[in-house]
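Everything below concerns the one structure shown next.
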């Protein structure tokens, strides 16, 4: 049975998703499409969260951008984004951290793969909830 749950990216840091979606250069809407495709439609990134995050990553020199040519149908030129050398390092660091987070625990192997996977998902959800509460606390402290 396939899980059709979809989760908008709200209240969780979007930077790690962007770093992985930018393995090759893309414009903003292309990044949004990549996130949707790679998550099989389960993560829904909006332009309102993606573009400010891209600008923040650019300010931290993890991403660089440039204007491309105007689309054939007219309109504004698209801005393309790509990872810098530091951005590639950060993406690899994020990938390793996520792999460690969801890696099977040898003690869980005895209880079956399905239960181990459920525990890893629960840990991810707990971490996500913690990040949301941390973000809210930081916003209140300002």
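The values are calculated or read from the model by the stated rules, or taken from the named source; none is laboratory data. Keep in mind that this is a model prediction, so the values were computed, not measured. Every residue, glycine among them, receives a Cβ derived from its backbone with ideal geometry; neighbour counts consider all protein chains shown.
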Looking at 88, 132, which is the one that is surrounded by 10 or more Cβ atoms within 10 Å (Cβ to Cβ) and either over 29 Å from residue 27 (Cβ atoms) or at pLDDT below 75 (or both)? 132
Just checking, how many residues over the stretch 70-91 are without any contact (Cβ under 8 Å) to a residue 12 or more places away in the chain and under 16 Å from residue 60 (Cβ atoms)? 3
Has the stretch 100-112 got any residue that is in a helix (DSSP H, G or I), at pLDDT 85 or above and surrounded by 14 or more Cβ atoms within 10 Å (Cβ to Cβ)? no
Subset of the stretch 47-64, residues in contact (Cβ under 8 Å) with a residue 24 or more places away in the chain, closer than 15 Å to residue 21 by Cα and assigned to a helix (DSSP H, G or I), comes to 49, 50, 53, 54, 57
If you check residue 40 against the conditions, is it assigned to a helix (DSSP H, G or I), modelled with pLDDT of 75 or more and exposed (fewer than 12 other Cβ atoms within 10 Å of the Cβ)? no
